[in-house]
Amino acid sequence: MLRVESIGPLLATQLTELVGHGPYVVKPVIDLNDAVSVNAYEIPTRIRERIKLIHPVELFPYGTRETTNTIDLDHIQPYNPLGPPGQTSTTKLVPC
């Protein structure tokens, strides 16, 4: 069972009939209110995707560059390798 925006719930076979071909990309719903963090300086794809959805453009003053998968993400507070866990988080990163 799947849900198609503006149509509602469908079976996969019904979607195939509607669209006429496959394959499909199925992505889970991302709750942007959930803070996700890791204990590393490197930013994993799941956090990068959330930052892209939270901040669609860079946060520099008058920034107009779209947040992409390759844009640089910076920590709001400097990362401390000896600091507490969870410093790389959806609440502590911004695109720049």
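The values are calculated or read from the model by the stated rules, or taken from the named source; none is laboratory data. Note that the coordinates shown come from a computational prediction; the quantities given were computed from them, not determined experimentally. Note that each Cβ is placed from the backbone with ideal geometry, even for glycine, and that neighbours are counted across all protein chains shown. Please note that ligands, DNA and RNA were not included when accessible areas were found on the heavy atoms of the full protein model with its side chains. Shrake-Rupley method; radii C 1.70, N 1.55, O 1.52, S 1.80 Å.
Of the residues that sit in the range 54-85 and are open to solvent by 70 Å² or more (accessible area, probe 1.4 Å) and aromatic (Phe, Trp, Tyr), which one is farthest from ASP34 (Cα to Cα)?
It comes out as TYR62.
Residue under question is ILE51, and the condition is that it be in contact with a Pro (Cβ under 8 Å, 6 or more places away or on another chain), within 21 Å of LYS27 (Cβ to Cβ), part of a helix (DSSP H, G or I) and modelled with pLDDT of 90 or more; does it hold?
So ILE51 fits the description; yes.
Assess whether ILE51 counts as being under 15 Å from THR90 (Cα atoms) and open to solvent by less than 80 Å² (accessible area, probe 1.4 Å).
yes
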